[in-house]
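The values are calculated or read from the model by the stated rules, or taken from the named source; none is laboratory data. Only a predicted model underlies this, so the values are computations on that prediction, with no experimental measurement involved. With ideal geometry, Cβ positions are generated from the backbone for all residues, glycine too; neighbour counts draw on all protein chains shown.
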Amino acid sequence: MEFNEFFVKGMALLGAGIAMIAGIGPGMGQGFAAGKGAEAVGRNPEASGKIQSIMVLGIALAETTGIYALIIAILLVFVKG
Amino acid sequence: MNEVSSITIHFGSFELVIQQSILVWLVVCVLICILAWFAGRAIDKADPSKAPTGLAYWSEELYNLCLYVVKGNLRETTGRYMPIFGTIMVGMLISNLTGLVGFQNPTSNVSFNATLAVMFFLMIQYNAIKKGGLMARLKGLTEPMWFLTPLNIIGELAVPLSLTMRLFGNILAGTIISLLIYTLIKSLAPWGYLGLTLTPFIHVYFDVFSGVIQTYIFFTLGTYFLGEQVSNEEI
């Protein structure tokens, strides 16, 4: 069986789709962080400004792994696809 | 992505292609220089006994914004490192917002982000070695136990990589998604033009929110790693 260019292209696109399964992780992490942030505000409403800034920072850091997956997907689509 | 304009410079047989994003960055640089010159003149003229107005006020607020980001991490060394972080922060903030006027963001070019991140990495290492000496720096890599040295080295090298990729991925994703939406609007004309009512929200999220947050994160992390090495005060 020979691997022609269409096979490579199709596999690259499939791989891009599979890579984005990594979106589960950051989604769960961000949801967890936001839930805990809401809990903290409920317990201590005076500190809501500080809690919000820490929460946004944590959420953006949790996004990193998702961004790595996104870069791999973009590379697969635009370089091989 | 085919309509991105670029300039090609020929040196004999060697071709140097300057992408649109880098051209935008050069324009942003010139604009920041002009703005800073006028702001400096306004501050020289301002009366210190009165509340600042106009451009002097805005530049003070911009300075306070930069101070707010870096001060928590650099602590007592803030004054020493403030000029470079403030300059690059204003530059990055403006270049993240250029998507609003329809240009490609300079930060969606990986070489721009990598340049800044590698520069931060070299700055952190240089200042750490300058402060404690080479031996103390190498000894710091063997803590808490000697066999963790490879992991510590990987951890140090991961800093510029993660700084680059986080910013690049976020901004590039925003650029590509807004490009896709505009393509969809164009291909679904004339009803597709109704989609133009949605695009302001897309720009608010991907350009303003994402751009500002990513600038904040880039500098919070960069100054955190620097402050860990150079600052003596406890948090």
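Below are the figures for this structure:
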item	result
Number of positions in the stretch B:32-56 that are under 28 Å from B:GLY102 (Cα atoms) and exposed (fewer than 11 other Cβ atoms within 10 Å of the Cβ)	4
Leading residue by the ranking (farthest from the other protein chains (Cβ to nearest Cβ)) among those in the stretch A:25-52 that are surrounded by 12 or more Cβ atoms within 10 Å (Cβ to Cβ) and at pLDDT below 90	A:SER48
Total residues in the stretch B:180-211, condition of a type in the set (A, V, I, L, M, F, W, C) and either surrounded by fewer than 12 Cβ atoms within 10 Å (Cβ to Cβ) or closer than 19 Å to B:PHE120 by Cα (or both)	8
Residue among A:LEU75, A:LEU61 that alone is within 12 Å of chain B (Cβ to nearest Cβ) and within 24 Å of B:PHE219 (Cα to Cα)	A:LEU61
Any chance B:TYR224 is surrounded by fewer than 19 Cβ atoms within 10 Å (Cβ to Cβ), under 23 Å from A:ILE54 (Cα atoms) and not aliphatic (A, V, I, L, M)	yes
Residue check, B:ILE176 among the aliphatic types (A, V, I, L, M), within 14 Å of another protein chain (Cβ to nearest Cβ) and within 19 Å of B:PHE120 (Cα to Cα)	no
Odd one out for B:SER5, checked against (1) in a loop (DSSP other than H, G, I, E, B); (2) closer than 30 Å to A:VAL77 by Cα; (3) free of Cβ contacts under 8 Å to residues at least 12 places away in the same chain	(3)
Test: residue in the stretch B:71-83 that is of a type in the set (Val, Ile, Thr), in a helix (DSSP H, G or I), free of Cβ contacts under 8 Å to residues at least 12 places away in the same chain and closer than 22 Å to B:ALA173 by Cβ	no
Count of residues meeting criterion [outside any loop (DSSP other than H, G, I, E, B) and more than 14 Å from chain A (Cβ to nearest Cβ)] in the stretch B:216-232	5
Yes/no for B:SER21 being surrounded by 14 or more Cβ atoms within 10 Å (Cβ to Cβ) and of a type in the set (Ser, Thr, Tyr)	yes
Breaking point among (1) within 14 Å of chain A (Cβ to nearest Cβ); (2) surrounded by 16 or more Cβ atoms within 10 Å (Cβ to Cβ); (3) not charged (D, E, K, R), for B:ALA158	(2)
Condition check for B:LEU23: of a type outside the set (S, T, N, Q) and either in contact with a strand residue (DSSP E or B) (Cβ under 9 Å, 6 or more places away or on another chain) or touching a residue at least 40 places away in the same chain (Cβ under 8 Å) (or both)	yes
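Residue-wise test of (1) of a type outside the set (S, T, N, Q); (2) buried (at least 17 other Cβ atoms within 10 Å of the Cβ); (3) at pLDDT below 85.
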| site | (1), (2), (3) |
| --- | --- |
| B:THR87 | no, no, no |
| B:MET92 | yes, yes, no |
| B:THR115 | no, no, no |
| B:VAL118 | yes, no, no |
| B:ALA128 | yes, yes, no |
| B:LEU134 | yes, no, no |
